[in-house]
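If you scroll down you'll find the structure; I have some questions about it.
The values are calculated or read from the model by the stated rules, or taken from the named source; none is laboratory data. Nothing here was measured: the structure is a model prediction, and the numbers come from that model. Cβ placement follows ideal geometry from the backbone for every residue including glycine, while neighbour counts extend to all protein chains displayed.
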Amino acid sequence: MSKPKAPRRVGDKEALSVGTTIRGSAQKLNLVAALIRGRKAEEAMNILAFSKRAMAQDARKVLASAIANAENNHNLDVDALVVSEASVGKSITMKRFHTRGRGKSTRILKPFSRLRIVVREVSFEAGEA
């Protein structure tokens, strides 16, 4: 006898992907996530590809994973995907130290962030865009 199957964390027409250790602060990653919220998946990929922010490349990998999950695991139409959620949170923080004058030291914090992207299949009628 095995354990019961875990329930899905998202809806039937949705797929998700999580990047757990993206190097950089959650505040900076949230600026990148704000660029793609509510946009079509293809448009969001283009925005992240040409963004000057360094964390946009990591966000692009997470978005590509969410799109691949939607296509391969949930049989959703890739052309009808919309980024319904792009939420950011804190992950681990590496603590380092920097030696200073007179035998003192200063703490250096190197934060990591989490990015959770949910894509949803939306049917586009003639009136919507």
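Restricting attention to region 93-103, does a residue exist that is out of contact with any helix residue (DSSP H, G or I) (no Cβ under 6 Å at 6 or more places or on another chain), within 21 Å of residue 18 (Cα to Cα) and surrounded by 15 or more Cβ atoms within 10 Å (Cβ to Cβ)?
No, the conditions are met nowhere in region 93-103.
Could you grab the pairs with beta carbons closer than 7 Å, sequence gap of 6+ or different chains, first residue in region 67-81 and within 15 Å of residue 39 (Cα to Cα), second one assigned to a loop (DSSP other than H, G, I, E, B) and polar (S, T, N, Q)?
80/123
Here is a check on your reading of the model: is residue 118 touching a strand residue (DSSP E or B) at 6+ places or on another chain (Cβ under 8 Å) and assigned to a strand (DSSP E or B)?
Here the answer is yes, as residue 118 does meet what is asked.
Yes/no matrix, rows are residues, columns are (1) modelled with pLDDT of 95 or more; (2) among the polar types (S, T, N, Q); (3) crowded, with 21+ Cβ neighbours inside 10 Å; (4) touching a His at 6+ places or on another chain (Cβ under 6 Å):
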| position | (1), (2), (3), (4) |
| --- | --- |
| 4 | no, no, no, no |
| 22 | yes, no, yes, no |
| 34 | yes, no, no, no |
| 48 | yes, no, yes, no |
| 57 | yes, yes, no, no |
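Being closer than 27 Å to residue 68 by Cβ and of a type in the set (Ser, Thr, Tyr) is the filter; apply it to region 86-126 and report the residue that is modelled with the lowest pLDDT.
It comes out as 123.
Now for a separate question. Being touching a helix residue (DSSP H, G or I) at 6+ places or on another chain (Cβ under 7 Å) and crowded, with 20+ Cβ neighbours inside 10 Å is the filter here, so list the residues in region 59-69 that pass it.
The answer is 59, 63, 67.
Go through (1) touching a residue at least 60 places away in the same chain (Cβ under 8 Å); (2) in contact with a Phe, Trp or Tyr (Cβ under 9 Å, 6 or more places away or on another chain) for residue 94 and report which single condition fails.
(1)
Name the single residue, out of those in region 1-33 being free of Cβ contacts under 8 Å to residues at least 24 places away in the same chain and within 14 Å of the chain's Cα centre (by Cα), that is nearest to residue 117 (Cα to Cα).
31
Oh, and also: Select, from 114, 39, the only residue that is among the basic types (Lys, Arg), surrounded by 12 or more Cβ atoms within 10 Å (Cβ to Cβ) and either farther than 20 Å from residue 9 by Cα or touching a His at 6+ places or on another chain (Cβ under 6 Å) (or both).
Answer to the check: 39.
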